[in-house]
Amino acid sequence: MPPTTPSTTPPFVPQQTTVRKLGFFERLGIGWKLTKVSLGVIRKEKSLLLLPLISFLIIGISWAVFLISIFLTVWPSGTFNVVVPFIVGLFVLYFLTYFVTTFFAAAVMGVAMIRLNGGNPTIGDGLRIAKQNIGRILAWSIISATVGVILRALAERAGWIGRIIAAGAGLAWGILTYLVLPSLIFEQLGPWAAVKRSGSLIKKTWGEAAGGYLTMSAIFVLFGLVGLLFIIIGVAIGTVTAIVLMALVAIVYWLILALVASAAQGVLVTALYRYATTGQVADGFPTGPLGMHY
């Protein structure tokens, strides 16, 4: 395993930066730089795609087993009379989904941090960092799953008002906790301390976060639209075989794009966290003084 600098593994110690107020468009511009740096990391670390792939496979298999179990329970009698086991199983599945997603996202962030600090990481480095923080990841997964279940129950049981409230609360929660995971694994904070830390950093880098998120999303939406060309080609050919074949090609393309987008999002969150705590977009590329205190 290649040597790493002290800042590549937890605990991560934020650095002090000079204070200067940044303009709105300057913040958005830094967000765009964060996106470009994140995509650059993906180009250098293509093996990162293995982490979301493993995550997707585990989650997909888990859901398939759950749904098949439900089918086998209902099909012989034609009725569904195991409500309690179903609810328990569904909650366990929700928790497993959050835990697996969070664990492999943490591994992506571990690799990304080492690369952003100028190191040469391996997938093993990312998995090691995730394993070192498995207790925090477990606790955060329980909290995330609980919040998700509560919001879904509110949306389903309180009519359209409940759906509006759940949507608004979900959006606010997502923004507040955007930088929770890097705070957990790089500063080794507890879940609620990480929520406070994330909220503080997002408050100070809201423009950069918006710029990075919007530009990254726009890029992958545009690439996603390219997949429609395969279906259009199939329809233009006009045969059933061509349509089915091109549809399959489009699905494979979208699945690969989803893996890239998942990894890129993890790198972007890491890059934003690193920028918020050090004032640098990447090693050797200082952005200048930030308009914030730490």
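Read-outs throughout are calculated quantities, based only on the coordinates presented, and are distinct from any laboratory measurement. Fair warning: this is a prediction, and the values are worked out from it, not measured in the lab. Cβ: placed from backbone, ideal geometry, glycine included. Neighbour counts: every protein chain shown.
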Compute the length gained on full extension between Ile134 and Ala169: take 0.36 nm times their separation in residues and subtract their Cα-Cα distance, giving the result in nm to one decimal. 9.9 nm
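How big is the shadow of the Cα convex hull of segment 14-286, averaged over all directions, in nm²? Walk me through the numbers before you get to the answer.
Working: hull surface 74.3 nm².
For segment 14-286, averaging the hull's shadow over all directions gives 18.6 nm².
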Between Leu72 and Ala218, what's the calculated FRET efficiency when r is the beta-carbon distance and R0 is 30 Å? Round to 0.05. 0.10
Could you compute the FRET efficiency for Thr146 and Trp254, with r as their C-beta to C-beta distance and R0 at 25 Å, rounded to 0.05? 0.20
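Using alpha carbon coordinates only, what is the Rg to Rh ratio of segment 115-212, with Rh defined as the Kirkwood radius?
Values: Rg = 16.2 Å, Rh = 15.2 Å.
Here Rg/Rh amounts to 1.06.
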Please find the FRET efficiency linking Lys44 to Lys196, where r is the Cβ-Cβ separation and R0 is fixed at 45 Å, and quote it to the nearest 0.05. 0.85
What are the lysines whose alpha-carbon lies under 21 Å from the alpha-carbon of Lys33, with same-chain residues fewer than 8 places away excluded? Lys21, Lys44, Lys46, Lys203, Lys204
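With contacts defined as alpha carbon pairs under 8 Å and 6 or more residues apart, what's the relative contact order of segment 14-286 in percent? Before the final figure, lay out the partial values.
On the way: 284 pairs, mean separation 84.4, N = 273.
RCO, segment 14-286: 31 percent.
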